[in-house]
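Working notes for the structure below.
Coordinate-derived values only; no laboratory data. Quick caveat: nothing in here was measured; it's all calculated off a predicted structure. Don't worry about glycine lacking a Cβ; one is built from the backbone with ideal geometry, like all the others, and counts go over all protein chains shown.
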Amino acid sequence: MMNNKPKFYRQCFLLSLLRIIDREVTKTDLQKHSFLFSQQHAMGYDFIPYQYGCYSFQLNKDIEDLAQSNFVKITDNKIQPAKKNPIPWLKTADSNQLLKYPKEAKKLYGDDLISFVYRNYPYYAINSKIINRVCSDKEKSQIQDEQSKITKNSPIIYTVGYEGISLEIYINKLIKNNIKLLCDVRKNPFSRKFGFNYKTLSSLLPKTGIDYIHIPQLGIESDKRQGLDNKEAYKKLFDEYKTTLSDKQEALDKILNLQKKYQRIALTCFEKLHRECHRHCVSDYLANKHNAQTVHL
């Protein structure tokens with residue numbers, strides 16, 4: 001396996017960063033170093049505020065995949081760099097940026113590294129479990145200021161699609177709008193895109209403070225979505241779907257009751273544009289029939 005490149009370019013980037021750091025690192029430290037570098041130059045990963053600060057689910061999966069393919073070795077939660085030099089796999093511009101990663105940053109590890117990230121990027125510490133251990137009173141105040149920016153309580157039904165964005169960008173949308181429950185209105189909650197199947201969403205979202213529920217009664221059969229290549233085709237599909245909503249009152253009442261409980265919820269499906277997704281039919285119905293406030297993200 002070592003004679004071949006990893007499957008994805010971002011994995012080559014990750015291996016190259018490990019090479020530049022040039023020592024064993026913990027998974028947490030690698031997350032932090034990848035985040036810091038990504039603030040200056042894109043390497044293919046996005047991050048959310050998680051239990052120990054900035055975190056990428058995709059990066060964690062990539063490290064596990066790279067270990068299985070023998071590109072890295074993980075022992076006692078420490079990752080050993082690959083023996084083969086991966087830097088030549090990068091584009092010249094990317095390798096040049098990587099070589100500029102500051103020596104001062106490369107030397108940081110453990111709590112010192114975490115504290116550095118929290119101090120400079122307090123948003124990513126808002127869900128941290130270790131603030132008291134690694135932060136000064138001033139830094140805690142900065143983190144509280146970030147938390148106050150997203151403390152919104154007015155009841156709203158949002159709609160959001162995941163087309164064209166990573167799981168982390170998607171979750172950040174939910175966090176920044178203080179959404180407490182995600183209602184999946186796909187008929188079949190499966191996706192080839194990383195992170196967007198039922199198992200992953202129902203497992204990971206609660207760890208970020210967001211509950212998840214699947215409401216398949218509001219979905220559209222996949223075969224009805226074939227060949228939607230113009231506005232008329234979409235209009236025909238959604239006009240037909242709207243005629244069925246009166247028969248889905250139990251599911252619609254469920255959404256209204258969930259909003260009463262959670263205040264801020266979101267309806268989700270695939271399409272980026274809400275007008276190209278049946279979720280807008282649901283939100284429009286709730287707005288028109290029940291005066292629900294709706295917002296499309």
Rough spin-label spacing in nm, given labels placed 7 Å along Cα→Cβ, for residue 41 and residue 289: 5.5
Gained length - residue 87 relative to residue 169, 0.36 nm times residue gap less alpha-carbon distance: 26.8 nm
Helix-only mean residue ellipticity at 222 nm for the chain, each DSSP H run of n ≥ 4 adding -39500 (n - 2.57), per residue, nearest 500: -13000 deg cm²/dmol
The stretch 143-297: relative contact order in percent, alpha carbon pairs under 8 Å with at least 6 residues between: 41
Difference of contour (0.36 nm per residue) and Cα-Cα distance, residue 154 to residue 75: 23.7 nm
Centre separation in Å (Cα based) which lies between the stretch 150-185 and the stretch 39-74: 22
Local net charge near residue 24, Cβ-Cβ under 10 Å (Lys/Arg +1, Asp/Glu -1): 0
Sum of side-chain charges, residue 177 neighbourhood, beta-carbon under 9 Å (Lys, Arg +1; Asp, Glu -1): +4
Stokes-Einstein D (µm²/s) once Rh is taken as the Kirkwood radius of the chain over alpha-carbon pairs, at 37 °C in 0.692 mPa s: 155
Whether the stretch 177-251 is rounded, prolate or oblate, judged on the alpha carbon gyration tensor where a/c under 1.5 counts as rounded: prolate
Computed E for residue 273/residue 51 - FRET, C-beta separation, R0 25 angstrom, nearest 0.05: 0.15
Geometric extent, Cα atoms of the stretch 75-128 - Rg, Dmax (angstrom): 14.8, 38
For the stretch 9-147: relative contact order, % (alpha-carbon pairs under 8 angstrom, 6 or more apart): 32
Estimated FRET transfer efficiency (residue 213, residue 145; beta-carbon r; R0 35 Å; 0.05): 0.65
Mean Cα-pair separation over length for the chain, i.e. relative contact order, pairs under 8 Å, 6 or more apart, %: 20
Rounded tilt (10° steps) of 167-176 against the dominant C-alpha axis of the chain: 70
log₁₀ of I(q)/I(0) at q = 0.17, 0.22 Å⁻¹ - the stretch 156-296, Debye sum with one point per alpha carbon: -0.92, -1.56
Taking 279, 23, 192 and counting other C-beta atoms within 10 Å, the order from fewest to most: 192, 23, 279
Antiparallel bridge percentage (DSSP; both residues within the chain; nearest 5): 30
Virtual spin-label span in nm between residue 232 and residue 296, 7 Å along Cα→Cβ: 2.2
Long-range HN-HN contacts of residue 212 with modeled amide H, under 5 Å: 182
Projected area averaged over orientations for the stretch 9-147, convex hull of C-alpha atoms, nm²: 8.0
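How do 145, 29, 223 rank when sorted from fewest to most other Cβ atoms within 10 Å of their own Cβ? Display every interim value, and only then the final one.
Details: 145 12, 29 19, 223 7.
By the 10 Å Cβ count, ascending: 223, 145, 29.
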Unit charges on C-beta of K, R, D, E only; dipole of the chain, Debye: 360
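Counting Lys +1, Arg +1, Asp -1, Glu -1, what net charge surrounds residue 197 among other residues with beta carbon under 12 Å of its beta carbon?
Details: positive: 186, 192, 193, 199; negative: 184.
For residues surrounding residue 197, the net value is +3.
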Distance in nm between pseudo-label sites at residue 240 and residue 191 (7 Å out along the Cβ direction from Cα): 2.5
The chain: angle of helix 231-242 to the longest principal axis, Cα-based, in degrees nearest 10: 60
Chain lengthening between residue 120 and residue 176 when straightened (0.36 nm per residue, less Cα-Cα): 18.3 nm
Unit charges at the beta carbon, dipole of the chain: most positive-side option, 142, 181, 113: 113
Under Karplus coefficients 6.51, -1.76 and 1.60, residue-wise ³J(HN,Hα) of the stretch 152-162 in Hz, glycine/proline x: 10, 10, 5, x, 9, 9, 8, 10, 8, x, 10
C-alpha long axis of helix 110-120 to longest principal axis of the chain, angle in °: 60
